[in-house]
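The values are calculated or read from the model by the stated rules, or taken from the named source; none is laboratory data. Just so it is clear, the model here is predicted, and its values are computed rather than measured. Here the Cβ is made from the backbone with ideal geometry for all residues, glycine too, and neighbour counts use every protein chain on show.
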Amino acid sequence: MLKMLILVTSLNIIKKLMSNAIVIKNKIKQYDNKIIVGGDKSISIRWVLFSSLANGMSRARNLLMSEDIMATINAVKKLGVKVKFNKNYCAIIGNGPNGYKYKKDITINAENSGTLGRLIMGILIDTPHKIKIIGDKSLSKRDFDRIAKPLKKFGADIKLTKKGLPLTIKGSEKLSPINYSENIGSAQVKSSIIFAGLKAKGKTFIKSKHSRDHTEILCKYLKLPLKVKKKKNYDLIEVEKAKKIKPLNYNIPSDISSSAFFIVLTALTDNSKLLIKNVNINPSRIGIITILKKMGVKITFKNQKIYKGEKLADIFVQSSKKLKPINCPSKLNSGAIDEFLIIFLIAAKANGVSYFKDLAELNQKESPRLKWGEKILSKMGVKTITTDSSIKIFGNPNLKINKKIVIKDYLKDHRVFMTSVIAALSFEGKGFFEIHDKDSIKTSFPNFLKIIGDLKR
């Protein structure tokens with residue numbers, strides 16, 4: 001007999017099942033509230049990596065304390081970098097761009113973090129000793145050859161298992177700068193090459209399809225030898241060897257990808273309002289805002305400001321009674337690549353057919369997310385037509401869930417779990433959701449369920 005325990009008493013909507021699953025039976029009620037989500041994951045990881053290469057002590061407040069960031073911290077500690085935790089901040093004491101001190105033949109465990117696994121390869125481009133990089137089951141299924149190809153051109157010796165992890169990397173004392181065209185629109189590929197370029201003598205040139213630009217912004221703030229020329233469809237990046245990197249003190253803003261779940265929940269919840277404080281609204285990250293506005297979601301930015309090159313704002317969102325379908329332009333994909341699963345829920349409630357294309361990159365995430373988007377919607381009773389790179393969603397404003405829906409075996413992808421929770425809370429009916437692998441949220445958003453519980457307070 002299963003013991004049922006109330007997890008969120010204020011809402012009485014989420015119940016814990018067994019050890020690592022939850023049952024959600026009731027739609028969330030209206031609310032009017034303010035929240036703060038965790039620190040930006042992309043910036044948190046990059047702060048750790050840049051600080052590990054800096055000359056001196058760097059401090060970060062509001063650093064996201066998730067499994068991905070702890071994996072990054074553990075990685076730089078293995079490379080001989082000192083890390084200290086204070087009540088109010090995290091401090092990293094770097095020894096300069098060439099200051100890593102470590103034993104021969106070490107192993108770095110990237111766990112579930114593609115950002116860590118891929119970016120640190122560029123940093124290790126000059127390692128004198130062979131280093132092994134491993135990851136969990138999900139990360140080991142992802143493509144690392146896209147990183148290895150340009151890094152080999154610098155002179156590194158990289159050996160992959162098929163096209164993924166485990167891999168080994170051994171650097172070269174005589175790195176050669178490269179010219180490289182990045183046509184995927186991957187910030188991880190681009191950033192890894194930038195890190196390598198900061199270690200190679202001479203000028204490295206990157207022609208890169210538009211993608212997240214946190215690495216470039218941090219380089220600019222740190223006054224590193226990097227130049228960017230923005231063109232209509234791509235960026236031209238020039239990077240040179242960095243002799244010194246100054247310490248990086250940073251108040252990490254809130255994560256737009258984490259905010260996305262609450263933006264959609266509010267849009268789908270009758271008579272509700274929500275203010276999300278101090279969110280990073282970097283133009284390369286707000287594709288979801290553009291898409292949702294086109295679909296009729298009421299979103300406004302308040303208290304906008306610039307912080308160390310990044311745009312920040314409070315995000316105000318209201319419930320939306322009339323949601324419109326969208327033929328989503330592909331140019332918006334890179335700016336919303338982590339948010340499409342939650343966007344699909346808006347499409348499911350829209351009055352008409354939505355079409356999303358050129359999304360093959362979604363299947364390079366923690367799980368094959370395009371396939372999982374189709375699975376979740378299908379289980380909810382939403383008609384879809386899906387290919388390897390596109391999905392057509394036949395929305396139904398009157399959609400009701402009248403059966404038990406079980407979500408499991410999704411490679412513990414945190415965004416699949418959180419999307420399923422939002423779906424369970426947003427759609428009425430006599431049915432309910434049973435969602436497994438609750439601990440997956442530790443990857444990026446450990447307090448996700450707590451914030452849901454606080455919405456009604």
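Structural remarks
One line per residue, one yes/no per condition, for (1) aromatic (Phe, Trp, Tyr); (2) farther than 16 Å from Lys141 by Cβ:
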{"position": "Tyr355", "(1), (2)": "yes, yes"}
{"position": "Val406", "(1), (2)": "no, yes"}
{"position": "His414", "(1), (2)": "no, no"}
{"position": "Ile422", "(1), (2)": "no, yes"}
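- For region 229-251, the tally of residues that are in a strand (DSSP E or B) and buried (at least 17 other Cβ atoms within 10 Å of the Cβ) stands at 5.
- Just so you know, in region 161-176 the residues that are in contact (Cβ under 8 Å) with a residue 40 or more places away in the chain, part of a loop (DSSP other than H, G, I, E, B) and not small (Gly, Ala, Ser) include one that is nearest to Asp145 (Cα to Cα), and it is Leu175.
- Here the condition is being touching a helix residue (DSSP H, G or I) at 6+ places or on another chain (Cβ under 6 Å) and over 21 Å from Leu425 (Cβ atoms); of Leu248, Leu265, it holds for Leu248 alone.
- When region 333-369 is filtered for residues that are in contact with a Ser or Thr (Cβ under 7 Å, 6 or more places away or on another chain), among the aliphatic types (A, V, I, L, M) and either buried (at least 21 other Cβ atoms within 10 Å of the Cβ) or not in a helix (DSSP H, G or I) (or both), the ones remaining, listed by number, are Leu341, Ile342, Leu345, Ala347, Leu359.
- Output for region 261-318, where each listed residue is touching a residue at least 60 places away in the same chain (Cβ under 8 Å), outside any loop (DSSP other than H, G, I, E, B), surrounded by fewer than 23 Cβ atoms within 10 Å (Cβ to Cβ) and over 17 Å from the mean Cα position of the chain (by Cα): Lys273, Leu274, Leu275, Lys277, Asn278
- Residue within region 337-348 that is touching a strand residue (DSSP E or B) at 6+ places or on another chain (Cβ under 8 Å), free of Cβ contacts under 8 Å to residues at least 40 places away in the same chain and over 23 Å from Lys25 (Cβ atoms) present: yes
- Listed by first and then second residue, the pairs with beta-carbon distance under 7 Å, at least 6 apart or on different chains, first residue in region 422-447 and without any contact (Cβ under 8 Å) to a residue 40 or more places away in the chain and outside the structural domain of Ala71 (by TED's automatic domain parsing), second outside any helix (DSSP H, G or I) and crowded, with 22+ Cβ neighbours inside 10 Å, are Ser440/Lys412.
- Of the criteria (1) in contact with a Gly (Cβ under 6 Å, 6 or more places away or on another chain); (2) surrounded by fewer than 17 Cβ atoms within 10 Å (Cβ to Cβ); (3) of a type in the set (D, E, K, R), which one Asp145 fails: (1)
For every residue, the table says whether it meets (1) touching a strand residue (DSSP E or B) at 6+ places or on another chain (Cβ under 9 Å); (2) closer than 13 Å to Ala75 by Cβ; (3) surrounded by fewer than 24 Cβ atoms within 10 Å (Cβ to Cβ).
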site: Ala110; (1), (2), (3): yes, yes, no
site: Ser113; (1), (2), (3): no, yes, no
site: Lys130; (1), (2), (3): yes, no, yes
site: Ser138; (1), (2), (3): no, no, yes
site: Lys141; (1), (2), (3): yes, no, yes
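- Of the strands (runs of 3 or more DSSP E) lying entirely inside region 28-100, those containing at least 1 residues that are in the same structural domain as Gln188 (by TED's automatic domain parsing) span 55-61, 82-85, 90-95.
- Summed over region 409-438, residues that are more than 15 Å from Ser113 (Cα to Cα) and either surrounded by fewer than 19 Cβ atoms within 10 Å (Cβ to Cβ) or not β-branched (Val, Ile, Thr) (or both) total 20.
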